[in-house]
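Scroll down for the structure; my scribbles are underneath it.
The values are calculated or read from the model by the stated rules, or taken from the named source; none is laboratory data. Everything numeric here is computed off the predicted structure, so don't read it as measured data. All Cβ positions, glycine included, derive from the backbone under ideal geometry; neighbour counts span all protein chains shown.
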Amino acid sequence: MVELKINNQTVQAEEGKTILEVARENNIDIPTLCHYPDLHIHSECRVCVVEDNWGNLVTACSTTVRDGMEVKTNAPRVLESRRVVTELMLANHDTNCTMCEKNLQCELQRLASNLGIQENRFGSVWEKKEIDDHNPSVVRNPNRCVKCGRCIEVCKEVQGINVIDYMNRSHETSVEPTYGRYLSFEDCTFCGQCSSVCPVAAITEKDETDKVWEVLHDEKKHVIVQVAPAVRVSLGEEMGQEPGSIVTEQMVAALKKLGFDRVFDTDFTADLTIIEEGHELIERVKEGNALPMMTSCCPGWISYVEQNYPDLIDNLSTCKSPQQMFGALAKTYYAEKEGINPEDLFVVSMMPCTAKKFEAAREEMSVIGDDPDVDVVLTTRELGRMIRQMGIEFDRLDKTPFDNPFGITTGAAAIFGATGGVMEAALRTVSEVVNEKPLEKLDFETVRGMNGIKEAEIELGGNKVKVAVAHTLSQARKVAEDVRKGKSEYAFIEVMACPGGCIGGGGQPYGTTNATREERIRSTYQVDSEMEFRKSHENPAIDQLYKEYLEKPLGHRSHKLLHTHYIKRN
Amino acid sequence: MSVLQNILKQNPKSEDYLIETLLSLQDAKDEPCISEEEIADIAEYYGISPTRVSSVASFYTLLSLRPRGKHVVQVCRDVPCYLNGSENILEAVKEALGCDIGETTADGLFTLEETSCLGNCDGSPSVRIGKKTYENLDSQKVKEIISGYREAK
């Protein structure tokens, strides 16, 4: 332990901790901009400078505490230095804040406001640069960039892709892909992790809320919405509640208030995915064909395989993701059942994910004519925006259940949102179908949690079968390399591109950290444990769907509607 | 085997040798710049993204991603040179070359660039042409030096 003074207050601190950590432990806040929990410390922005008793201005984020240190976090020199660096950033920034997606959610705006910046003594040298909105998922706006480097770090270290990086130097520095190309020309998977850590609006999801407002007021259109499992444990946070708040029924109520004709649950098609994918796995294991089988729910992962591991495309499950299974069934089964012309049916998804926008726009995802099965995908953040635009008081909403026929779901589907969830749901079903006896214990704890790669072993028809779960693309790469080299010992591998799985997706509320991910994961398993049915094959509505329409898993109709193929890219 | 492949083979296969590789490659070429294709090949060899390679290449003033003239004239713009009149040197060079910063002369012989410190502050103001550094310059001297290059071709 060391003893130091912060603003004349004597504090004890663990050796090796930074001034910033110790100050925050003691309820003294120091403003930061480039610093982000879970990422390396770069000290790029110099906003967190403090004065020590040796007369130095040091960055609190990277300077460790020392015995006898006396730190001033608010000395006039400190405040002046912070103002200078902030004004310099603003001098090369599009400061039209009211016209910005991040207005009132922007860290630079908050910083400038807290520092009391009323005018900029440096004026402005900002020149308008081209905005890259040439893909369905994210928009890169260099006019808002403060070069903090968070997006670079996430893309390089967490995802292992490094599509964007610093270019040039000094005041000419920019953050962009090689040769300033569009993201759509690069190996970008549109996971959107960059957008979720950006302190400003330099990378954001492509906002499509206006399209949805328009159809909601088109009387000819029957507008239905599906909500992904991960949104019910994060929307509360977007609306100002504690991380991990479970808001399933308030969310349904809010969607009804927004004007959707029916509010359905993607969990239903998650159960369906397990039935189809489970049977696909059983068939592949029986025939020893294209093993290990790899999950296909995550569009970021699919793009990653198509771009970097085209030789492993056959290992991917042919099952569409739950979002796309929903879209295909909505435009066929649901339209027929309700007597609606599919052309008048508009399908919206609420997803924790920016890559889902890209997935919905894929050519293959169209079962009726050229119309997309899912017309518009909104992220959790966009849903929050719509709720705020409508002026709905989220905390005061009555609890409302999902509509049928896509409203009866199981705990197995609920856990799709967390890393390891698809695997656990599949194991619950596959083991009972193959072994023809109920599982003694439903919880497969070894595949849960934030470890990068997790393993489990189950007994299937007398054979021991090994499975693995990976999340983040840098971890997925390790697993994929083994498969490529023929060294993989697994039969089944689940991959989610984002840290923690969909609950940590690129479309989730700003400020998502591993700590908030843990909270959402805990809530996800709570949702599961409180469900009446906890295994996908016990979902009575799924049973009925097969009887009424699909006939049998992997049957003719399933193949047409619920399965897909992949394309080698680049 | 291409020039690039030869250079890559000279060092261990590690990203740590990226700058070395880029410098050797640029030296080995008639036109002192790194091309988009070379960026892609280097990235593939080291197993890193092309963005990473161009990030490194674009940071250092010794390296260029844009085609440049045969002789690259770099005028130091750091403080000691500035205090000793680098502004005048820059103007003289512009006049002698007939082009602005970042431009190449019509005959393809010279490209004019600014550079940060050349580590030659005791001889400021300094200018580097190709690999040679010239020091204690004034407007007249620098014009003569450029004439020398032009005559030698």
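Numbers at a glance
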{"read-out": "Hey, A:ILE521 assigned by TED's automatic domain parsing to the domain that holds A:ALA413, crowded, with 19+ Cβ neighbours inside 10 Å and closer than 15 Å to A:VAL422 by Cβ or not", "value": "yes"}
{"read-out": "Positions within region A:345-361 being assigned to a loop (DSSP other than H, G, I, E, B) and either surrounded by fewer than 19 Cβ atoms within 10 Å (Cβ to Cβ) or among the hydroxyl-bearing types (Ser, Thr, Tyr) (or both), in sequence order", "value": "A:THR354, A:ALA361"}
{"read-out": "Test: B:GLU87 is within 14 Å of chain A (Cβ to nearest Cβ) and on the phi < 0 side of the Ramachandran plot", "value": "no"}
{"read-out": "Selection within region B:114-125 - surrounded by fewer than 18 Cβ atoms within 10 Å (Cβ to Cβ) and within 14 Å of chain A (Cβ to nearest Cβ)", "value": "B:GLU114, B:SER116, B:CYS117"}
{"read-out": "Conditions (1) of a type outside the set (D, E, K, R); (2) out of contact with any Lys or Arg (no Cβ under 9 Å at 6 or more places or on another chain); (3) surrounded by 12 or more Cβ atoms within 10 Å (Cβ to Cβ); (4) not assigned by TED's automatic domain parsing to the domain that holds A:PHE190; number of the one not met by A:ASN120", "value": "(4)"}
{"read-out": "Selected residue [at pLDDT 95 or above and either surrounded by 18 or more Cβ atoms within 10 Å (Cβ to Cβ) or in contact with a Pro (Cβ under 7 Å, 6 or more places away or on another chain) (or both)] from B:ILE42, B:ILE19", "value": "B:ILE42"}
{"read-out": "Out of A:GLU44, A:GLU21, sole residue that is in contact with a strand residue (DSSP E or B) (Cβ under 9 Å, 6 or more places away or on another chain) and among the acidic types (Asp, Glu)", "value": "A:GLU21"}
{"read-out": "Sole residue being surrounded by fewer than 24 Cβ atoms within 10 Å (Cβ to Cβ) and assigned by TED's automatic domain parsing to the domain that holds A:ILE493, chosen from A:ASP311, A:ASP271", "value": "A:ASP311"}
{"read-out": "Listing of helices (runs of 4 or more DSSP H) fully contained in region A:252-336 that carry 1 or more residues being in contact (Cβ under 8 Å) with a residue 12 or more places away in the chain and among the charged types (D, E, K, R)", "value": "A:266-287, A:299-308"}
{"read-out": "Top-ranked residue in region A:168-179 [being in contact with a Phe, Trp or Tyr (Cβ under 8 Å, 6 or more places away or on another chain) and crowded, with 22+ Cβ neighbours inside 10 Å; ranked as nearest to the other protein chains (Cβ to nearest Cβ)]", "value": "A:PRO177"}
{"read-out": "Qualifying positions in region A:466-481 - buried (at least 21 other Cβ atoms within 10 Å of the Cβ) and outside any helix (DSSP H, G or I)", "value": "A:VAL467, A:ALA468, A:VAL469, A:ALA470, A:HIS471, A:THR472"}
{"read-out": "Residue match in region A:150-167 (condition: within 11 Å of another protein chain (Cβ to nearest Cβ), at pLDDT 95 or above, under 26 Å from A:VAL495 (Cβ atoms) and in a strand (DSSP E or B))", "value": "yes"}
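Residues are listed down the side, and each one gets a yes or a no for (1) buried (at least 18 other Cβ atoms within 10 Å of the Cβ); (2) out of contact with any helix residue (DSSP H, G or I) (no Cβ under 8 Å at 6 or more places or on another chain); (3) basic (Lys, Arg):
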site	(1), (2), (3)
B:SER54	yes, no, no
B:SER64	yes, no, no
B:LYS70	no, yes, yes
B:PRO80	no, no, no
B:GLU87	no, yes, no
B:ALA96	yes, no, no
